[in-house]
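First comes the structure, then the notes that go with it.
The values are calculated or read from the model by the stated rules, or taken from the named source; none is laboratory data. All values reported here derive from a predicted model rather than from experimental measurement. Note: ideal-geometry Cβ built from the backbone for every residue, glycine included; neighbour counts use all protein chains shown. Note: accessible area is taken over every heavy atom of the protein model, side chains too, but ligands, DNA and RNA are not part of it. Shrake-Rupley method; radii C 1.70, N 1.55, O 1.52, S 1.80 Å.
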Amino acid sequence: KMNKININNTDLYVSKLSFGTASIHHKFDKKSRNNILAKACDLGITHFDTARLYGHGLAERTLGNYFNGAKREKVTIATKFGIHENPIYESFPFLMYANKIKNKLLSSNKVEPFIRDLNINKIETSLQKSLKSLNSSWIDILYLHEPQLNEIKNLDEIISWLEKKKKNGDIRYFGVAGYVESAILIEKKYPKIFDIFQIEDSLENKQINKLEEINKSAQFSFGYIRNNSKKYTPKEILDLAVNQNKDGSIIVSTNKIEHMNLYSSYL
């Protein structure tokens, strides 16, 4: 248990599987959400990935409530900025759940548009909200969330801001999380900005291999089970994913505690 890997180009040591919290808010009650985090920790997971967008702040608050005090030192946490939470759902989570129930009853797959904003004041506010929600004085990795090169008009300003945040200890590392093509384009235009690449991958397309053209590798990868063409069982997918990203950590995500025993053999 607790076999950790060193994340390339950092002093971070994390579990081979990391836990993503994109769907943890689908559990309505706090106890169920905490039980999922407790199970992840019992299995040996030590890295947790979240974002302001996930549950419109609820995923961050769930992590902050669970990993309080001395518990925080035992894990690493990554969050993201650039796609903002809905402020109404952030303040009134029951409205988010009411909307989910309504969509389910109407069999609607309507996806609300993302609120993208890289204004420096918005980013500062986002970081301060993350620190408060996570109940932490630092964030191990802060990611630019699914950026598109044409949306970033002020990356020089953002880089200057990030350097200050690193210096004062608010964040330890800066990364990009999302699609490989966008990450490559931004890295080519603004080289050596990102410490960490977190890339959506699939068994068939092997997107992380494309990072070789900028002499990088995916320190974290995700999306294997979601992008599976039903050809493999979840166990086979994880076996192949771990082999595909030998040096990085694989992000797994579920809100069903009974599915989590699958992870134990990789930790």
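Please find, within segment 246-265, the residue that is nearest to Gln198 (Cα to Cα) out of those that are of a type outside the set (S, T, N, Q) and in a loop (DSSP other than H, G, I, E, B).
Gly248
Residue under question is Asn243, and the condition is that it be of a type outside the set (Lys, Arg) and open to solvent by 70 Å² or more (accessible area, probe 1.4 Å); does it hold?
So Asn243 passes the test.
For the condition within 21 Å of Ala40 (Cβ to Cβ), in contact with a strand residue (DSSP E or B) (Cβ under 6 Å, 6 or more places away or on another chain) and among the hydroxyl-bearing types (Ser, Thr, Tyr), what is the one hit in Ser253, Ser264?
Matching residue, one of Ser253, Ser264: Ser253.
Output the strands (runs of 3 or more DSSP E) that fall wholly within segment 1-56 and possess 1 or more residues being open to solvent by less than 10 Å² (accessible area, probe 1.4 Å) and without any contact (Cβ under 8 Å) to a residue 60 or more places away in the chain, or say none.
47-49
Would you check which residues across segment 172-183 are open to solvent by 70 Å² or more (accessible area, probe 1.4 Å) and in contact with a Lys or Arg (Cβ under 9 Å, 6 or more places away or on another chain) and list them?
Within segment 172-183, Arg172, Glu181 meet the criteria.
Just one of Ile225, Ile196, Ile208, Ile186 is more than 26 Å from Glu151 (Cβ to Cβ), surrounded by 17 or more Cβ atoms within 10 Å (Cβ to Cβ) and touching a residue at least 12 places away in the same chain (Cβ under 8 Å); which is it? I'd like the intermediate steps shown before the answer.
Working: Ile196 fails: more than 26 Å from Glu151 (Cβ to Cβ); Ile208 fails: more than 26 Å from Glu151 (Cβ to Cβ); Ile186 fails: more than 26 Å from Glu151 (Cβ to Cβ).
Answer to the selection: Ile225.
So is Ala70 free of Cβ contacts under 8 Å to residues at least 40 places away in the same chain and buried (at least 18 other Cβ atoms within 10 Å of the Cβ) or not?
no
Please go through (1) modelled with pLDDT under 95; (2) touching a strand residue (DSSP E or B) at 6+ places or on another chain (Cβ under 9 Å); (3) more than 26 Å from Lys129 (Cβ to Cβ) for Lys192 and return the number of the only condition it doesn't satisfy.
(2)
Only one of Ala241, Ala177, Ala218 is of a type in the set (A, V, I, L, M, F, W, C) and touching a residue at least 60 places away in the same chain (Cβ under 8 Å); which?
Ala177
Could you list all residues from segment 170-187 that are over 20 Å from the mean Cα position of the chain (by Cα) and within 14 Å of Leu127 (Cβ to Cβ)?
Answer for segment 170-187, where residues must be over 20 Å from the mean Cα position of the chain (by Cα) and within 14 Å of Leu127 (Cβ to Cβ): there is none.
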